[in-house]
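First up is the structure itself, then whatever we jot down about it.
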There are 2 protein chains.
Amino acid sequence: MILVNGREQTHIAVGDRGLQYGDGLFETIAVVAGRPRWWQRHWQRLAAGCERLAIDCVDHTRVWDEVCKVCDGIEQGVLKVIVTRGEGGRGYRPAVGGEATRILAIYPWPNYPDAYRRQGVAMRFCTTRLGHNTALAGLKHLNRLEQVLARREWDDPEIVEGVMLDGDEHVIAGTMSNLFMVNNGQLRTPALSHCGVAGVMRGIILDLAAEAGIPREQITLNRRDLLQADEVFMTNALIGIWPVRRIEQQEYEIGPLTASLHKRLESMTASLP
Amino acid sequence: MILVNGREQTHIAVGDRGLQYGDGLFETIAVVAGRPRWWQRHWQRLAAGCERLAIDCVDHTRVWDEVCKVCDGIEQGVLKVIVTRGEGGRGYRPAVGGEATRILAIYPWPNYPDAYRRQGVAMRFCTTRLGHNTALAGLKHLNRLEQVLARREWDDPEIVEGVMLDGDEHVIAGTMSNLFMVNNGQLRTPALSHCGVAGVMRGIILDLAAEAGIPREQITLNRRDLLQADEVFMTNALIGIWPVRRIEQQEYEIGPLTASLHKRLESMTASLP
């Protein structure tokens with residue numbers, strides 16, 4: 001089912017700024033037993049993103065009603081919520097008082113092999129770089145050509161994810177995930193002040209680490225930090241945590257910190273309403 | 001009139017990658033007396049862009065038929081052509097053999113005051129920066145949030161355009177135009193190897209300058225080069241050339257090189273079929 005501004009329809013206007021300029025934001029949300037998982041965090045990020053882009057954010061009650069409607073009866077699936085600045089304006093200049101477009105769509109759950117979660121995944125380095133833009137950094141906005149080009153770089157099914165660097169050769173993220181590494185017992189994830197998406201699962205992992213008293217930092221990291229790490233894992237809201245067992249020729253064990261966070265995440269998830 | 005893949009319709013599928021990721025390109029074309037102006041150049045840029053993004057470009061004959069159809073009877077207007085990677089794929093990863101979506105839409109001609117062309121315009125510096133990405137530099141792709149944010153920075157109707165810089169504080173372009181300046185008889189425009197759109201009119205101006213034997217260069221330029229220039233003008237495919245008479249507090253005369261290129265452009269335009 002797809003709802004556009006509350007109505008069941010499969011299409012949006014050609015003039016919508018989401019298409020014309022990528023002028024909007026999105027959330028990709030796991031749906032389990034008819035409920036969107038981590039909804040509060042997804043909503044908070046979406047609302048904060050709308051505020052940063054000055055898109056008139058949609059009323060939560062209304063969206064929540066629609067979310068419940070599209071998720072109803074879905075045993076396991078993916079909810080994608082898109083909010084665009086809507087139609088109108090003169091060229092790049094948005095219309096004053098323009099009304100946002102909200103799109104809710106349910107997609108099938110991607111059937112990831114269970115081995116990814118249990119035995120870890122192989123990754124590669126992408127050559128496509130992430131451009132710096134502090135005004136957009138952290139946002140899950142609709143300008144995603146860099147990720148599309150990066151994901152096009154390989155079709156080896158053994159490689160599950162690609163590491164993306166910025167123009168300064170700093171490690172930022174996977175094409176569809178955030179990255180964590182452990183060096184000497186310290187949990188580290190790239191700072192996202194210049195580019196990258198501040199994932200919902202990234203936030204959950206940092207909170208879990210804080211609760212567990214695990215030393216952690218969001219800092220500038222390079223290829224060498226990643227390759228010399230004791231443990232590496234990737235995260236997103238659908239997969240949770242996947243250990244990384246190999247990046248190019250560098251192999252990793254699934255280490256104790258990854259295992260411990262994995263366990264904490266599973267018990268947190270099990271306690272969800 | 002709007003044509004989507006040749007059919008008259010006003011909407012596109014929510015699943016189109018143009019909306020989902022900004023995965024596509026566009027052209028904004030002046031239509032005069034039922035004909036798209038500078039079509040060959042627009043088409044060449046679009047086709048080259050499709051090749052760079054590996055979007056299966058549409059057959060020229062088919063598009064040309066549709067262009068003629070939507071432009072028919074339009075005395076003066078704007079044709080927007082959008083080509084997206086179409087639907088499908090798994091997340092960021094494009095589908096193999098996916099079919100592009102082409103959208104042709106006619107919009108009213110923007111009624112710019114004649115004074116812009118004759119007496120010049122006032123500009124400002126934007127604080128929104130353009131991110132570097134060599135894979136996307138020069139392309140008129142659908143990821144335009146930087147331009148949207150930059151254009152949102154002012155609403156003073158006296159200010160017609162904003163100068164955008166990159167993260168290295170180099171001058172790149174206007175939000176919807178390319179920039180030229182003249183220093184000591186030398187025509188200069190920012191190099192677009194890291195970001196910015198290689199405008200059709202920018203190409204025409206560089207060709208006209210070459211024909212006229214005017215020394216010209218595409219180089220790295222900073223705010224100081226711009227402010228100390230003898231002449232400044234902006235270009236795009238709709239406006240042709242607009243002289244710049246002021247940037248912030250710095251004032252400029254309409255100089256001889258601007259006037260000469262303006263005249264050459266007008267005579268070239270007059271000779272179009």
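Read-outs throughout are calculated quantities, based only on the coordinates presented, and are distinct from any laboratory measurement. The shown structure was predicted, so the numbers you read here are calculated from the model rather than taken from an experiment. Cβ coordinates were reconstructed from backbone atoms using ideal geometry, including for glycine residues, and neighbour counts include every protein chain displayed.
Averaged over peptide A:12-18, how many Cβ atoms belonging to another chain are found within 10 Å of each residue's Cβ? Walk me through the numbers before you get to the answer.
Details: counts 7, 4, 13, 6, 3, 3, 6.
For peptide A:12-18, the averaged partner shielding equals 6.
Top mean-square fluctuation among A:Gly167, A:Gly120, A:Gly24, Gaussian network model of chain A, C-alpha springs under 10 Å?
It is A:Gly167.
With a cut-off of 8 Å between alpha carbons and a minimum separation of six or more residues, what is the relative contact order of chain A in percent? If you can, show how the numbers build up before the last one.
Values: 535 pairs, mean separation 47.6, N = 273.
Answer for chain A is 17 percent.
Compute a Gaussian network model of chain A, connecting alpha carbons closer than 10 Å, and tell me which residue from A:Asp155, A:Asp168, A:Asp230 fluctuates the most.
Maximum among the listed residues: A:Asp155.
Hey, in chain B, which Cys have no second cysteine's beta-carbon closer than 4.7 Å?
B:Cys68, B:Cys71, B:Cys126, B:Cys195
Out of all DSSP beta bridges with both ends in chain B, state the antiparallel percent to the nearest 5. Don't skip to the end; give the middle numbers.
On the way: 44 of 57 bridges.
Of those bridges, close to 75 percent are antiparallel.
If neighbour count is taken as other Cβ atoms inside 10 Å, put B:Asp225, A:Asp207 in order from fewest to most.
Values: B:Asp225 16, A:Asp207 13.
By the 10 Å Cβ count, ascending: A:Asp207, B:Asp225.
Relative contact order of the range A:156-273: what whole-number percent is it, with Cα pairs under 8 angstrom and at least 6 residues apart? Before the final figure, lay out the partial values.
Numbers: 180 pairs, mean separation 28.3, N = 118.
Relative contact order, the range A:156-273: 24 percent.
Ignoring everything except DSSP H segments at least 4 long, calculate the 222 nm mean residue ellipticity for the protein assembly as shown; use -39,500 (n - 2.57) per segment, divide by total residues, nearest 500. Please list the in-between numbers first.
Details: 16 runs with 154 residues, N = 546.
Calculated from helices alone, the mean residue ellipticity at 222 nm is -8000 deg cm²/dmol.
Within a 10 angstrom radius of each residue's Cβ in B:167-180, how many Cβ atoms of other chains show up on average? Whole number is fine. Could you put the intermediate results ahead of the total?
Working: counts 6, 1, 0, 0, 0, 0, 0, 0, 3, 4, 0, 0, 0, 0.
Rounded to a whole number, the mean comes out at 1.
Going Cα to Cα from B:Lys69, which lysines come in below 21 Å? Please leave out same-chain ones fewer than 8 positions away.
B:Lys80
What gaps in nm, shortest first, separate A:Gln250 from its twins in the other copies when you place the label 7 Å past Cα toward the beta carbon?
Output for A:Gln250: 4.4 nm, nearest copy listed first.
Would you mind ranking B:Ser271, A:Ser177 so that the residue whose beta carbon has the fewest other beta carbons within 10 Å leads the list? Before the final figure, lay out each step's value.
On the way: B:Ser271 7, A:Ser177 28.
Starting with the residue having the fewest Cβ neighbours, the order is B:Ser271, A:Ser177.
Can you classify the range A:41-171 as rounded, prolate or oblate using the Cα gyration tensor, where a ≥ b ≥ c are the square roots of its eigenvalues, rounded means a/c under 1.5, and otherwise it's prolate if a/b beats b/c and oblate if not?
Values: a/c = 2.51, a/b = 1.27, b/c = 1.97.
Since a/c reaches 1.5 but b/c is at least a/b, the shape of the range A:41-171 is classed as oblate.
Given the range A:2-108 reduced to its alpha-carbon atoms as identical point scatterers, what log10 I(q)/I(0) does the Debye formula return at q = 0.15, 0.18 Å⁻¹?
Log10 I(q)/I(0), no solvent term: -0.60, -0.84.
Which one of B:His141, B:Phe233, B:Pro273 has its Cα pushed farthest toward the positive end of the charge dipole of the range B:118-273, where Lys and Arg give +1 and Asp and Glu give -1 at the Cβ?
Of the candidates, B:Pro273 comes out farthest on the positive side.
When a footprinting reagent is the concern and you count Cβ atoms within 10 Å, what order do A:Ile159, B:Ile55, B:Ile2 take, fewest first?
Working: A:Ile159 16, B:Ile55 24, B:Ile2 19.
If I rank by nearby Cβ atoms, fewest first, I get A:Ile159, B:Ile2, B:Ile55.
Inside 10 Å of the C-beta atoms of B:126-134, what's the mean count of C-beta atoms belonging to other chains? Write down the numbers at each step before the final one.
On the way: counts 0, 1, 4, 6, 3, 15, 8, 12, 4.
The per-residue average across the peptide is 6.
Do you know the relative contact order of the range B:2-108, to the nearest whole percent, from alpha carbon pairs under 8 angstrom that are 6+ apart? All intermediate terms of the calculation are to be shown ahead of the outcome.
Details: 196 pairs, mean separation 40.1, N = 107.
Worked out over the range B:2-108, it gives 37 percent.
Report, to the nearest 10°, how far helix A:39-53 tilts away from the longest principal axis of the Cα atoms in chain A, using its own Cα long axis and a range of 0 to 90°.
70
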